[in-house]
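Engineer: Dropping the structure in here first, questions after.
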Amino acid sequence: LTGFLDNVYRHADLSLLERARQSARRQVDSPCQSIRTVYADHAEHEIRCIELQIRRWLLDGKKHLVVITEDLRLARRLRTLLARANVQIQDYSGWALSTTQAASALEHWLMCIEEDFHYQPLLDLLRSPFVDLGLKRTEHDGAIQQLEVELVQREKITRGLQRYRRHIHYRRQRLAEELSTTDRQLIQLLDSLEKAAISLTPLTSGQHTLHTYLRVLQQSLRVLGMTNLLATEAAGHTLLLLLEQLNNGVRDQTLAINWQEFRAWLGRALERQRYTPPLTGTWVQVMGLDQSRLLRCDGVIIAGAEQGSLPGKSTGSAFFNDSVRRELGLTTALARTNLHYYHFRRLLQTAPEVVITLRREQDGEEIIPSPWLELLETFHECAYNQRLIDHALPAFARHDDSQVRPLDGDPLPSTTDRPAPSLNASQLPKHISASSYQHLINCPYQFFAADTLGLTAPEAIRETMQKSEYGERVHLCLQAFHSEVRGLPGPFNGMLSSQNRSQAVALLEQITQAVFAHDLEDNFQHRAWLHQWRALIPEYIDWQITQTEDNWRVSQVEQRISDIPLADTVQQQPVLRGRIDRLDQRQDEYRVIDYKTGTMPSKQNVLSGESVQLPFYSLLKELSHEQTPVSEAAYLSLSKNNFGIKVTLQADTLHTLKQANHERLQTLIKQLGEGTPLPAWGDDKACSFCRMGGLCRRQAWEGISETQSPVTQSDITQSE
């Protein structure tokens, strides 16, 4: 084989065809019986070919197998596929230190410093196994949960150690409770983080030497307890050694750089540093060309034999061109190419079986094979009229039966039916509110999941205010304007008129500023929501003056009514409850007003019984044994382009809707207590904003024929 390869790759006066014929005369039989080339359809197909070939070799009893590749992605995917067959590999090429868990912990710490302890990197840092802030593990985990649930999710505090600490006390004061043990542990944890950051945070501004950055960074890692824990893990030990080497290398340098330049420099160092896990003694090894010196094995696969890898792209040098580097005795691009060729040529003779693989295309673009491989294949075909290409292995790899699958004797799941659970009287919810009643009308299964089981979807942590949160702020502003709210200015005393309009506008502006103050601390973009509401304040005051002139007086705001039975006869469950945004009074009549900052229900949906909020609140007030009747109900749109009273229900229309909803609600509660199923309707409109889709799984049962459930959508609405 050596003489044959010399003829293939030597530079001589003879042409390739003449050299090939000459080799055929010297050796009648092909000396390349041990070499095969595999052309895969794409990258995944190539990896499957390699994985299949390794398994075949192992079944044949071969024990020392090597895959040569410079493609780290290929190596990772190959590791995953072989793991399914319980074949472990030793990856000598390793991977970038920046991808390890140890480096991730360091990155999260630096992000905390840069972003004022934003909750995302902070929680990731605290959950790292390399952080020890002096608490027991159970106490540490409890403090993290307190931080995430109580402060981030509920209080919407997303950054700032001082703000986290401050709102721990604010929350307890509001709840009239003493600090819990977990609160104190969380404060201790925050204090430890502040102590670790006290010297590092000032370095984010100005310019400093690399030695200063690294020295202070290493000090902060010791305060965090990371140094000792990193030293117990292989990747962490490599990280500590790298930081020490970098620090020693720049100790005498005086060049000052800013924080962003330091972060980029450190990131490149972590990216360049390779991490190789401890050796495991496995029979399958993955390595690069430069690591294959003195290699002898039972089978070798040269993967990714394309022009970009063999000989590889010439990246040039940041210092000098090749001619200058040659004169200085430095390595040139030609020298690197010759070294790659030497390794490739030697690998062709390192094992009884050599498989060379490459893909034909990637992302629709044709892959150019390595010129060394093309030369070998062309020379061999000219000499022996035979190709080195193996067609069988790619064909087998395309077949599903060639893939490794876990043995699973469990039967396949049965066809999913439309969910339609049922309840008994004891399982009914204790309270029915306007929202739960609306859930029942929208979709009975939504009522079952949200109001009977009490399930809620996990609340996403948002840094920007959502429209629903904006509505809550506006409700609070109006509540403080018309009634006393602890901690806020107001209320406005006296009768509103054109004479005191400016004072009313000023007070509502003052209340608004106080309500939105917390949101403006979190995100500057929240000023847009503030501006949107402030633009409506004069219009709202003008509208309120007209209501005063019509003799409507604000009687109550945010009125809570609870434990109202559906009937005056035998006490039954559930009972009704709700919170009315606003109740106006004029002589001996009430008007229910519901604020709307978002989507406004159409009058058609209200009259048809699809939207139940206004009739429900009117019914709730009527059943509370209030002597003054509710004669009117309306939505007040607080939208810039659609401000004012909308969808007004009056007199007979309101009375008819109240009675119809009362009867329907009594009928439905009776049916549900008797075990009538609660089916999922799969209505597009209701499903578009339902948060129970993960339980309903409409896509799994939609379109499957089934028997009609006893409760249908027409049954729910037939009383209208």
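Engineer: Report, by chain and number, residues whose modeled amide H sits under 5 Å from the one on V630, excluding near sequence neighbours (fewer than 5 apart, same chain).
Structural biologist: Y590
Engineer: Can I ask one more? D132 to L453: extension gain in nm, 0.36 nm per residue of separation minus the Cα-Cα distance?
Structural biologist: Numbers: separation 321, 0.36 × 321 = 115.56 nm, distance 3.92 nm.
Taking D132 through L453 to full extension adds about 111.6 nm, to one decimal.
Engineer: So what does log10 I(q)/I(0) come out to for the range 485-621 at q = 0.09 Å⁻¹, using the Debye formula with one equal point on every Cα and no solvent?
Structural biologist: Computed log10 I(q)/I(0) values: -0.39.
Engineer: Given labels modelled 7 Å from the Cα in the Cβ direction, how far is it in nm from D191 to Q22?
Structural biologist: 8.6 nm
Engineer: Now, a different point. What does the charge count around H399 come to, taking other residues whose C-beta lies under 14 Å from its C-beta (Lys +1, Arg +1, Asp -1, Glu -1)? Walk me through the numbers before you get to the answer.
Structural biologist: Values: positive: R48, R55, R56, R398, R405; negative: D41, E51, D400, D401.
Local net charge: +1.
Engineer: In Å², what does the accessible area per residue of the range 349-409 work out to with a 1.4 Å probe? Don't skip to the end; give the middle numbers.
Structural biologist: Working: 3640 Å² over 61 residues.
For the range 349-409, the solvent-accessible area averages 60 Å² per residue.
Engineer: Given R₀ = 41 Å, FRET efficiency for Q403-K685 by Cβ-Cβ distance, to 0.05? Numbers along the way, then the final one.
Structural biologist: Details: r = 43 Å, r/R0 = 1.06.
The computed FRET efficiency comes out at 0.40.
Engineer: Rounded to the nearest 10 Å², what accessible area does M600 show when all protein chains are kept and the probe is 1.4 Å?
Structural biologist: The accessible area comes out at roughly 50 Å².
Engineer: Sorted by accessible area with a 1.4 angstrom probe, largest first, how do T212, T158, T2 fall?
Structural biologist: Values: T212 35, T158 5, T2 70 Å².
Result, largest first: T2, T212, T158.
Engineer: Related question: Please list T80, T99, T452, T69 in order of solvent-accessible area, largest first, computed with a 1.4 Å probe with all protein chains present. It would help to have the intermediate numbers written out before the result.
Structural biologist: Values: T80 65, T99 90, T452 30, T69 10 Å².
Sorted descending by solvent-accessible area, the residues read T99, T80, T452, T69.
Engineer: Over 20 Å between C-alpha atoms is what I'm after, so list which of K136/K156; K646/K685; K156/K430; K156/K685; K430/K603; K596/K640 land there. Mind dumping the intermediate values first?
Structural biologist: Details: K136/K156 27 Å; K646/K685 22 Å; K156/K430 30 Å; K156/K685 30 Å; K430/K603 30 Å; K596/K640 12 Å.
Violating the 20 Å Cα-Cα cut-off are K136/K156; K646/K685; K156/K430; K156/K685; K430/K603.
Engineer: Starting from the 7 Å offset along Cα-to-Cβ, what nm value, one decimal, do you get for the label separation of L175 and M495?
Structural biologist: Label-label distance for L175 and M495, simple model: 4.6 nm.
Engineer: Counting only protein chains, not ligands or nucleic acids, how are T546, T415 ordered by accessible area (probe 1.4 Å), most first? Numbers along the way, then the final one.
Structural biologist: Values: T546 55, T415 95 Å².
If we order T546, T415 from most to least accessible, we get T415, T546.
Engineer: How large is the accessible surface of E70 in square angstrom, using a 1.4 angstrom probe and rounding to the nearest 10?
Structural biologist: We get 110 Å² for E70.
Engineer: Would you work out what percent of the accessible area of the chain, with all protein chains in place, is carbon or sulfur (probe 1.4 Å)?
Structural biologist: Whole-percent figure for carbon plus sulfur exposure: 48.
Engineer: Taking 8 Å as the Cα distance limit and 6 or more residues as the minimum spacing, I'd like the relative contact order of the chain as a percentage. Before the final figure, lay out the partial values.
Structural biologist: Working: 970 pairs, mean separation 110.8, N = 720.
About 15 percent, as a whole number.
Engineer: How much of K467 can a 1.4 Å solvent probe reach, expressed as accessible area in Å² and rounded to 10?
Structural biologist: That residue has around 110 Å² of solvent-accessible surface.
Engineer: I'd like the FRET efficiency for D141 and E271, computed as 1/(1 + (r/R0)^6) with the beta carbon distance as r and R0 of 41 Å, rounded to 0.05. Walk me through the numbers on the way to the answer.
Structural biologist: Details: r = 32 Å, r/R0 = 0.78.
Rounded to the nearest 0.05, the efficiency is 0.80.
Engineer: Would you list which lysines come within 16 Å of K621, measuring only between C-alpha atoms, while excluding same-chain residues fewer than 8 positions from it?
Structural biologist: K658
Engineer: With r as the distance between the Cβ atoms of N424 and T667 and R0 = 30 Å, compute the FRET efficiency 1/(1 + (r/R0)^6) and round to 0.05. All intermediate terms of the calculation are to be shown ahead of the outcome.
Structural biologist: Values: r = 17 Å, r/R0 = 0.57.
Efficiency computed from Cβ-Cβ geometry: 0.95.
Engineer: Separate question: Would you work out which of S180, L210, T512 lies farthest towards the positive end of the dipole of the chain? Charges go on Cβ: Lys and Arg +1, Asp and Glu -1.
Structural biologist: L210
Engineer: Just checking my list (1) -0.41, -0.71; (2) -0.47, -0.86; (3) -0.65, -0.94 against log10 I(q)/I(0) by the Debye sum over Cα atoms at q = 0.06, 0.08 Å⁻¹ computed from this structure; which label fits?
Structural biologist: Correct label is (3).
Engineer: OK, next. Can you give the extra length, in nm with one decimal, that the chain gains between D563 and R325 once fully stretched, where that is 0.36 nm per residue apart less the Cα-Cα distance? Working shown, then result.
Structural biologist: Working: separation 238, 0.36 × 238 = 85.68 nm, distance 8.90 nm.
Extra length available between D563 and R325 comes to 76.8 nm.
Engineer: Given charges of +1 on the Cβ of Lys and Arg and -1 on the Cβ of Asp and Glu, with all other atoms neutral, how large is the dipole of the chain about its Cα centre, in debye to the nearest 20?
Structural biologist: Magnitude of the dipole: close to 1940 debye.
Engineer: Treat each spin label as a single point 7 Å out from the Cα along the C-beta direction, and report the L241 to R154 distance in nm.
Structural biologist: The answer from the label model is 4.8 nm.
The values are calculated or read from the model by the stated rules, or taken from the named source; none is laboratory data. Keep in mind the model is a prediction, meaning the values are calculated, not measured. Because the Cβ atoms are built from the backbone with ideal geometry, glycine has one as well, and the counts that use them run over all protein chains shown. All accessible areas refer to the heavy atoms of the entire protein, side chains included, with ligands and DNA or RNA removed. Shrake-Rupley method; radii C 1.70, N 1.55, O 1.52, S 1.80 Å.
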